[in-house]
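Following: one structure in structure tokens, then a few remarks.
The values are calculated or read from the model by the stated rules, or taken from the named source; none is laboratory data. Predicted model, so just to flag it, every value in this text is computed and none were measured. So basically every Cβ, Gly included, is an ideal-geometry build from the backbone, and we count neighbours across all protein chains shown.
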Amino acid sequence: MARSSQPSRGATIVDVAARAGVSSMTVSRVINGRTGVSAQTRMAVEEAISDLAYTPNYAARSLVTSKELRIGIVYSNASAAFMSEFLTGVFEEASARGVRLTLLKGEGGHPPTTAALEEMAASGVSGVLLAPPLGEAPEVLRVFRAARCIQAAVGAYIAADTICVRIDDRTAAYQMTRRLLDLGHRRLGFILGNPDQTASAERMAGFYAAIRETGNVDVQVAQGDFTYMSGLAAAEQLLSASHRPTAIFASNDDMAAAVVSVAHRRHLDVPGELTVAGFDDTTAAITLWPPLTTVRQPVRALAAEALGLLLAEIAMQGGKSRVPRERILEFTLVERQSTAPACSSPS
């Protein structure tokens, strides 16, 4: 198992819950002095808070006493598994901080309409949190900038006036590709993600960085857009080649799951005849057979961290902001049963 070396970050309620071995809702109850928590559990949570130096954003919470603090959540992600993790992280952190959320969803994987965005901006929200890919959607950013609404985005790269929280996609993809090469694979397939997202380009760059180090590698690339359906089409393209790949690395778990499905339909053994790797470590990675080797990006923690930084920025309005404009969290390579050494005589 490999781990990135990323800068440290402030603890979130998700971290406290993990340390204490309880749910984030239980941590919220302790923080807010609510009943229904045993003395032993309360002590474990308080010790975890102390160990991690976790500090609820009381500055932001104080705003609630005079004016209800509302945060807009804008999303249009095609992956239900990713969004489940994202929204769980947001809800848990918001609950602990006493923040009300207003959700706005785009349809068909597209951003919400300009009218809907403008209506949210004018509704009195104190800030907005953008799920990928909307943190890099020009029309979304333009509306909220024009309204002088503070923004934070998950999975986005540096954008003016926006707090960005992400992992190092390039290094993560490099390490996964390096792992496939170390297993002896020299015919690699790669499925790209949404071409409008910087994260997709960064993952492709990491993939090719590992390839260039090795040499004598047959590379086949197919375009996807992070959806399961695009993964099916990409897998059909790659596995129909006369010299098909012995390993396919997909830019997210949904597309990797689609590769496994196509392989099964073609009576290819995974991983005996085809190694498959994904990215994200959502529920999609463990609800199929074999479960996926993948890059784990901490989606819940990313969402919680972004919300925390957004609230800190809101609390500092009128003063000079010291909130970081970019926060990079750690990723992990998770090895499961979908990868194996290259077959000595692939078809």
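On the basis of being in contact with a helix residue (DSSP H, G or I) (Cβ under 7 Å, 6 or more places away or on another chain) and buried (at least 23 other Cβ atoms within 10 Å of the Cβ), does A156 make the cut? Spell out the reasoning first.
On the way: in contact with a helix residue (DSSP H, G or I) (Cβ under 7 Å, 6 or more places away or on another chain): yes; buried (at least 23 other Cβ atoms within 10 Å of the Cβ): yes.
So A156 fits the description; yes.
Restricting attention to the range 293-308, report how many residues are in a strand (DSSP E or B) and either surrounded by fewer than 24 Cβ atoms within 10 Å (Cβ to Cβ) or among the small types (G, A, S) (or both).
We begin by selecting, within the range 293-308, every residue in a strand (DSSP E or B); these are 293-296.
Checking the rest, the ones that are also either surrounded by fewer than 24 Cβ atoms within 10 Å (Cβ to Cβ) or among the small types (G, A, S) (or both) come to 296.
Residues flagged as in a strand (DSSP E or B) and either surrounded by fewer than 24 Cβ atoms within 10 Å (Cβ to Cβ) or among the small types (G, A, S) (or both) within the range 293-308 amount to 1.
Output the residue which, of all residues in the range 229-256 that are in contact with a Ser or Thr (Cβ under 8 Å, 6 or more places away or on another chain) and assigned to a helix (DSSP H, G or I), is nearest to L180 (Cα to Cα). Break it down into steps so the answer makes sense when it comes.
Narrowing the range 229-256 to residues in contact with a Ser or Thr (Cβ under 8 Å, 6 or more places away or on another chain): 232, 235, 244, 246-249, 251-256.
After this cut, where a residue has to be assigned to a helix (DSSP H, G or I) as well, the list is 232, 235, 253-256.
Details: L232: 21, A235: 18, D253: 16, D254: 19, M255: 17, A256: 14 Å.
Here the residue is A256.
With respect to the numbered conditions (1) touching a Leu at 6+ places or on another chain (Cβ under 9 Å); (2) touching a residue at least 60 places away in the same chain (Cβ under 8 Å); (3) at positive phi, which one is the sole condition not fulfilled by D281?
That leaves (2) as the condition not met.
Regarding A241, is this residue surrounded by fewer than 20 Cβ atoms within 10 Å (Cβ to Cβ) and out of contact with any strand residue (DSSP E or B) (no Cβ under 8 Å at 6 or more places or on another chain)?
Working: surrounded by fewer than 20 Cβ atoms within 10 Å (Cβ to Cβ): yes; out of contact with any strand residue (DSSP E or B) (no Cβ under 8 Å at 6 or more places or on another chain): no.
It is false that A241 is surrounded by fewer than 20 Cβ atoms within 10 Å (Cβ to Cβ) and out of contact with any strand residue (DSSP E or B) (no Cβ under 8 Å at 6 or more places or on another chain).
Return the pair list, or none, for Cβ contacts closer than 7 Å from residues in the range 100-120 that are closer than 23 Å to L69 by Cα and of a type outside the set (A, V, I, L, M, F, W, C) to residues that are at pLDDT below 95 and assigned to a helix (DSSP H, G or I), at least 6 apart or on different chains.
Once the first residue is closer than 23 Å to L69 by Cα and of a type outside the set (A, V, I, L, M, F, W, C) and sits in the range 100-120, its partners that are at pLDDT below 95 and assigned to a helix (DSSP H, G or I) give T102/M120; E118/V143.
Tell me yes or no: at least one residue of the range 73-80 is assigned to a loop (DSSP other than H, G, I, E, B) and more than 14 Å from A153 (Cα to Cα). So that I can check it myself, show each step before the final result.
At the first step, the residues of the range 73-80 found to be assigned to a loop (DSSP other than H, G, I, E, B) are 76-79.
Subset that is more than 14 Å from A153 (Cα to Cα): 78-79.
Yes, the conditions are met somewhere in the range 73-80.
Here are some conditions: (1) free of Cβ contacts under 8 Å to residues at least 12 places away in the same chain; (2) assigned to a helix (DSSP H, G or I). R148 meets all but one. Which one does it not meet?
It is condition (2) that R148 fails.
May I ask you to say which residue of A258, A247, A233, A241 is closer than 18 Å to R336 by Cβ and over 22 Å from the mean Cα position of the chain (by Cα)? Outline the logic, then answer.
Values: A258 fails: over 22 Å from the mean Cα position of the chain (by Cα); A233 fails: closer than 18 Å to R336 by Cβ; A241 fails: closer than 18 Å to R336 by Cβ.
That would be A247, the only listed residue that is closer than 18 Å to R336 by Cβ and over 22 Å from the mean Cα position of the chain (by Cα).
Taking the condition of a type in the set (A, V, I, L, M) and at pLDDT below 95, does L292 pass?
Numbers: of a type in the set (A, V, I, L, M): yes; at pLDDT below 95: no.
For L292, the condition - of a type in the set (A, V, I, L, M) and at pLDDT below 95 - is not met.
Restricting attention to the range 16-49, and to residues there that are in a helix (DSSP H, G or I) and surrounded by fewer than 11 Cβ atoms within 10 Å (Cβ to Cβ), which single residue is modelled with the lowest pLDDT?
Initial filter on the range 16-49 (in a helix (DSSP H, G or I)): 16-20, 24-31, 39-49.
Adding the requirement that they be surrounded by fewer than 11 Cβ atoms within 10 Å (Cβ to Cβ) leaves 39-40.
On the way: A39: 85, Q40: 88.
Top of the filtered list is A39.
Taking the range 151-170 only, how many residues are in a strand (DSSP E or B) and hydrophobic (A, V, I, L, M, F, W, C)? Talk me through it step by step, then tell me what you get.
Restricting attention to the range 151-170, the residues satisfying the condition of being in a strand (DSSP E or B) are 151-154, 159, 162-166.
Checking which are hydrophobic (A, V, I, L, M, F, W, C) leaves us with 152-154, 159, 163-165.
Residues meeting the conditions: 7.
I'd like to check something: does the range 253-265 contain any residue that is surrounded by fewer than 24 Cβ atoms within 10 Å (Cβ to Cβ) and in contact (Cβ under 8 Å) with a residue 40 or more places away in the chain?
Taking every residue of the range 253-265 in turn, none turns out to be surrounded by fewer than 24 Cβ atoms within 10 Å (Cβ to Cβ) and in contact (Cβ under 8 Å) with a residue 40 or more places away in the chain.
If I go through the range 86-144 residue by residue, how many of them are loosely packed, with under 15 Cβ neighbours inside 10 Å and in a helix (DSSP H, G or I)? Walk me through how you get there before you give the answer.
The initial filter retains those residues of the range 86-144 that are loosely packed, with under 15 Cβ neighbours inside 10 Å, namely 100, 102-103, 105, 107-110, 113-115, 119, 122-124, 138-139, 142.
If we keep only those that are in a helix (DSSP H, G or I) as well, we get 114-115, 119, 138-139, 142.
Result for the range 86-144: 6.
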